[in-house]
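Some notes on the structure that comes next.
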Amino acid sequence: MDAQKTGTLIAQARRERGLTQKELAQRLFVTDSAVSKWERGLAYPDITLLQSICQVLQCSEKELLSA
């Protein structure tokens, strides 16, 4: 997993669904600063959140992990 590529994928998918970072964060029960860190490639989402992220962003886990 490349943090920059994963962050870019999350940001792009979020925007395509018309969500703000805050809205995505609320759906995942995390802070908007956590989402910001993921999108900037400074941190990875917690492994326990992968399934929820994929559901909200309508992508597969394979797609997210191979970004």
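Pairing residues of region 1-24 that are in contact (Cβ under 8 Å) with a residue 60 or more places away in the chain with residues that are hydrophobic (A, V, I, L, M, F, W, C), at Cβ distances under 6 Å and at least 6 apart in sequence or on separate chains, gives M1/L65; K5/A67; T6/A67. Output the residues belonging to region 17-64 that are part of a helix (DSSP H, G or I), within 16 Å of K5 (Cα to Cα) and in contact with a Ser or Thr (Cβ under 8 Å, 6 or more places away or on another chain). The answer is W38, E39, C54, L64. Inside region 25-53, residues that are in contact (Cβ under 8 Å) with a residue 24 or more places away in the chain and among the hydrophobic types (A, V, I, L, M, F, W, C) make up a count of 6.
Any read-out appearing in this document is the output of simple, stated calculations on the displayed coordinates, not a laboratory observation. Quantities reported herein were computed from a predicted structural model and do not represent experimental measurements. So basically every Cβ, Gly included, is an ideal-geometry build from the backbone, and we count neighbours across all protein chains shown.
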